[in-house]
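Contents: one structure, followed by commentary.
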Amino acid sequence: MGVFTHSKRKYLTGAAVAACLIAAPAQADTLREALVAAYETNPTLAAARAQQRATDETVPLAKAEGRPNAAGQASYNEFLKKSPNSFTSPDRQLTAGVQLAVPVYSGGTVRSAIRAAENRVEAGHANLRGTESALFSNVVAAYMDVIRDEAVVGLNAQNVRILQTNLQATGDRFEIGDLTRTDVAQSESRLAVSRSDLQTARANLIRSKEIYIQLVGNPPGNLEAPPPLPNLPESPAMAVDIAIENNPDLIAAKEEIEASRYDIRTADGSKLPRVEVFTNGGYADFFGTLGGNSGGIFTQQSTTADAGVRLTVPLYQGGRPAALVRQAQARFSAALEREIAAERDVIAQTRSAYSSWQASLQVIESSQQAVDASALSLEGVRAENSVGNRTILDILNAEQELLAAQVQLVTARRNAYVAGFTLLAAMGRAEARDLGLEGGVLYDPVVNFERIEGKWNDFDRNPQPEPQSTRTVDTAPQKATIGPVDE
């Protein structure tokens, strides 16, 4: 199976995905290793996971509104100055009480708030998938940029050496009177331009390597050619159909619509009566000071208890419930429009990526033909020059055409692969579950949600967070050398 083997497992499969985690290498040599390193150590993805864990907590927060609420209070009083007409008031007093209230009916607000929160958790899961897919798309682009720019540096370095040899041969022929000073000047000019192009190519390679480090967390090694992309669609219509069904941004937008629908119900519930069952318990201790000199006839400690049902009927709230409903309706309207906007974006991205992918494939074919033809042309021009039918300028032009065709070919290969992966991302098929990254346990956001959704403990908390991603401050500045060919 290839590195991008499509997995039919659902995204939320928990720790059962794999058994052991393979540490990311110091340098990635394959695209799979680069994706694994980014998956495990990229700060953008780690932050998105942490943000999703914060979103998970909205469900227990909503549930807490429908759970019992207990509170206790105590106070100690010293009566420093008493009324002269009070003969029985105590000198000091300790009171304590406990109140317990259990909501019975809240106008449906709790139930609606819980469902809205659950929909937003589902939207968050989809957004997390989108973040993961976007990161992988950027990693693929950076990986292919390094490969392309290394090839371009190699081609330009080779061109410099060829032009140096040409210049030497031109100079030798000028010395014996076979060529003119103009021929030498033309060779010198092309060599100077090629050296300039080489420096630009080296700067581009360094930039690509640094972007790679930013995304993956470590420098690129000797990068291998990427594997073929799987499951690419046969037509733009097929791609759009798959994207409409699976694109995470669109799924998130639809979940937000459902959440906003429940928000309206929550707002409507604020106008309805509330019913709760309550009980109170109290304790008082006067420390023998109640009743003054007649304190012996008074009970110095007492306990009380009561229970009941409380009905609260809102009569007028200053227009607040209506404002909440209108606000929720406006947000629901915005969610509806955002869903259409997301659908438009998905359709445009998918069709555009498909078009770019197809165009790049055609450019690859044309560029390969151009390289073959330019190489044959250069060989013929050199042969014709040796018998005096071609000039030095003709050779220089032929060499330039070959270089341009070669650069165009490696660029087209990069563009085709990146466009193909972008197409998979738009279709919702460019995530860890799709790319066969099960070298270790895949991150499952449902694990945290299931862990916290039913918690009741007021004193439960997680360990103090520590950074999960790696820093790149210790990586060495990148160089544009690519081996002996660039010496």
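The lysine pair count for the chain, using Cα distances under 29 Å and pairs eight or more places apart or on different chains, is 10.
If one takes the longest principal axis of the Cα atoms in the chain, at what angle in degrees, from 0 to 90 and to the nearest 10, does the Cα axis of helix 31-41 lie? Helix 31-41 sits at roughly 30 degrees to that axis. For the chain, the longest principal axis of the alpha carbon atoms and the long axis of helix 109-175 meet at an angle near 20°.
Note on the chain: with charges restricted to the Cβ of Lys and Arg (+1) and Asp and Glu (-1), its dipole about the Cα centre is near 2040 debye.
At 1.002 mPa s and 20 °C, plugging the Kirkwood radius over alpha-carbon pairs of the range 17-163 into Stokes-Einstein gives what diffusion coefficient in µm²/s?
Numbers: Rh = 22.5 Å.
My calculation gives 95 µm²/s for D.
Relative to the longest principal axis of the Cα atoms of the chain, the long axis of helix 320-386 makes an angle of roughly 20 degrees.
Report the gain in length on full extension from E337 to T200: 0.36 nm times residue separation, minus Cα-Cα distance, nm rounded to one decimal. Write down the numbers at each step before the final one.
Details: separation 137, 0.36 × 137 = 49.32 nm, distance 4.56 nm.
In short, 44.8 nm is gained.
Which whole number of Å³ per residue matches the convex hull of the alpha-carbon atoms in the range 319-403? Please list the in-between numbers first.
On the way: hull volume 8.5 nm³, N = 85.
In the range 319-403, the Cα convex hull volume per residue is 100 Å³.
Express the C-alpha Rg of the range 96-194 as a ratio against the empirical globular expectation 2.2 N^0.38 Å, rounded to two decimals.
Working: Rg = 36.1 Å, N = 99, 2.2 N^0.38 = 12.6 Å.
Normalised Rg, Cα atoms only: 2.86.
Look at the dipole of the chain built from charges on Cβ: of G436, L315, P230, the Cα furthest out on the positive end belongs to L315.
Taking the Cα centre as origin and putting +1 on Lys and Arg beta-carbons and -1 on Asp and Glu beta-carbons, what dipole magnitude results for the range 327-433, to the nearest 20 debye?
Working: 10 positive and 12 negative charges, 107 e Å.
Once rounded to the nearest 20, the dipole reads 520 debye.
Evaluated with a Cβ-only charge set (Lys, Arg +1; Asp, Glu -1), the range 211-294 carries a dipole of roughly 440 debye about its Cα centre, given to the nearest 20. Projecting the Cα atoms of L100, A37, W456 onto the charge dipole of the chain (Cβ charges, centred on the Cα centre) puts L100 farthest toward the positive pole. Direction-averaged projected area, Cα convex hull, the range 166-248: 11.2 nm², rounded to one decimal. Extent along the principal axes, Cα only, for the range 298-454: 132, 42, 27 Å, with the longest axis given first. Stokes-Einstein diffusion for the range 235-353 at 4 °C, viscosity 1.567 mPa s, with a Kirkwood radius from C-alpha pairs, works out to 64 µm²/s. Among residues other than N218 with Cβ under 13 Å from its Cβ, the summed charge is -3 (Lys and Arg +1, Asp and Glu -1). Its residue count N fixes a reference of 2.2 N^0.38 Å for the range 119-278, and the Cα radius of gyration divided by that reference is 1.99.
Sort out the exposed loop trypsin sites (Lys or Arg not before Pro) in the chain (DSSP loop, at most 10 other Cβ within 10 Å) and tell me the longest stretch that has none. All intermediate terms of the calculation are to be shown ahead of the outcome.
Numbers: sites that count: K8, K10, K81, R461, R471.
Counting at most 10 other Cβ atoms within 10 Å as exposed, the longest clean stretch of the chain is 82-460.
Add -39500 (n - 2.57) for each DSSP H run of 4 or more in the chain, then divide by its residues: what number comes out at 222 nm, to the nearest 500 deg cm²/dmol?
Details: 10 runs with 278 residues, N = 487.
Here the helix-only value at 222 nm equals -20500 deg cm²/dmol.
For semi-axes √(5λ) of the Cα gyration tensor in Å, the value computed from the atomic coordinates appears in the list (1) 37, 28, 22; (2) 75, 27, 19; (3) 80, 23, 19 under label (2).
Laboratory data are not the source of any read-out in this text; all were calculated from the coordinates shown. Remember, it's a predicted structure, so these values are computed and weren't measured experimentally. Glycine also receives a Cβ, built like all others from the backbone with ideal geometry; neighbour counts cover every protein chain displayed.
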